[in-house]
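Presented below is the structure to which this report refers.
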Amino acid sequence: MTSGLWQNWVLPGIWITVQLTLYSAALATAVAFGVGMARTHRSKAVRFLAAFYTEVFRGTSALVLMFWLFFVLPPLLGWQLVPMWAAVLALGLSYGAYGAEIVRGALNAVAPAQREAGVALSFTPWQRMRLILLPQAVPETIPSFCNLAVELLKGTALVSLLGVGDVSFAAYLVRLATQESAQIYTVTLVIYFVLAFLITRSMKALERKTKANLGVVVK
């Protein structure tokens with residue numbers, strides 16, 4: 001593989017993959033916490049809507065959703081999404097639904113006595129969530145969110161089917177140009193591994209920091 005192919009296709013592809021992962025992860029995190037907290041709401045209607053969202057987006061294909069957002073939605077609304085943002089929406093909404101269940105489980109795992117203490121202190125529901133429940137629940141979500149983030153990174157390869165020039169699409173172009181598959185796809189595997197390793201180490205450091213705030217030592 002020549003330096004020109006590396007500079008013109010592979011490196012820009014890596015950067016696009018990183019952007020897709022960051023943007024989709026940000027959206028997925030917002031959705032996960034919003035829907036996850038709604039799953040524990042006092043209102044049955046709110047819990048129902050949150051559960052409905054979770055079931056719909058967990059039960060549909062991220063790839064098909066990506067195609068729907070890019071090909072079907074624009075004629076209905078009268079405007080066109082660029083492939084990059086269609087991909088971010090599809091991945092963020094889909095993986096956010098999985099993350100919502102992680103958040104719900106972590107919130108429900110907080111000892112009932114903690115909730116009762118908040119009630120005894122006359123905290124509002126939002127104060128109990130912000131000051132008592134989330135500080136204890138968030139550290140417990142991080143290992144599962146780490147796995148989800150790695151899966152999200154690998155899921156970004158789907159965007160190549162929309163013609164987005166991520167690292168998978170770049171590898172495809174390099175293979176067409178060189179007529180060699182082994183080298184470029186081996187390099188691509190290594191790239192994904194390195195990015196996943198960076199995510200894993202970053203999330204591990206975040207877990208240690210958040211648990212240290214609670215007085216818990218993570219080995």
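Against the conditions (1) at pLDDT 95 or above; (2) of a type in the set (A, V, I, L, M, F, W, C); (3) open to solvent by less than 30 Å² (accessible area, probe 1.4 Å); (4) under 30 Å from Thr178 (Cβ atoms), Val10 satisfies every one except (1).
State whether one or more residues within the stretch 144-155 are surrounded by 19 or more Cβ atoms within 10 Å (Cβ to Cβ) and in contact with a Gly (Cβ under 8 Å, 6 or more places away or on another chain). Yes, because at least one residue in the stretch 144-155 is surrounded by 19 or more Cβ atoms within 10 Å (Cβ to Cβ) and in contact with a Gly (Cβ under 8 Å, 6 or more places away or on another chain).
Can you name every residue in the stretch 165-194 that is part of a helix (DSSP H, G or I), of a type outside the set (Val, Ile, Thr) and touching a Ser or Thr at 6+ places or on another chain (Cβ under 7 Å)? Can you show your working first?
So the first thing to find is which residues in the stretch 165-194 are part of a helix (DSSP H, G or I), and the list is 167-178, 182-194.
Then keep just the ones that are of a type outside the set (Val, Ile, Thr); that gives 168-173, 175-177, 182-183, 185, 189, 192-193.
Those that are part of a helix (DSSP H, G or I), of a type outside the set (Val, Ile, Thr) and touching a Ser or Thr at 6+ places or on another chain (Cβ under 7 Å): Ser168, Phe169, Ala171, Tyr172, Arg175.
Taken together, Leu148, Leu198 contain a single residue that is touching a helix residue (DSSP H, G or I) at 6+ places or on another chain (Cβ under 8 Å) and either under 16 Å from Leu22 (Cβ atoms) or modelled with pLDDT under 95 (or both), which is Leu148. Of all residues in the stretch 28-57, those that are touching a residue at least 40 places away in the same chain (Cβ under 8 Å) and closer than 9 Å to Gly96 by Cα have Cβ atoms under 6 Å from Cβ atoms of residues that are hydroxyl-bearing (Ser, Thr, Tyr) and assigned to a helix (DSSP H, G or I), 6 or more apart or on another chain, in Ala28/Tyr95; Val35/Tyr53; Phe57/Ser94. Filtering the stretch 46-80 to residues that are closer than 17 Å to Tyr95 by Cα and either small (Gly, Ala, Ser) or not in a helix (DSSP H, G or I) (or both) leaves Ala50, Ala51, Gly59, Thr60, Ser61, Ala62. Can you tell me how many residues in the stretch 105-118 are part of a helix (DSSP H, G or I) and either in contact with a Ser or Thr (Cβ under 6 Å, 6 or more places away or on another chain) or open to solvent by less than 50 Å² (accessible area, probe 1.4 Å) (or both)? Number of matching residues: 5.
The values are calculated or read from the model by the stated rules, or taken from the named source; none is laboratory data. Small disclaimer: the values here were computed from a predicted structure and weren't measured. Ideal geometry is used to build each Cβ from the backbone, glycine not excepted, and the neighbour counts take in all protein chains shown. SASA here: full protein model, heavy atoms, side chains in, ligands and nucleic acids out. Shrake-Rupley method; radii C 1.70, N 1.55, O 1.52, S 1.80 Å.
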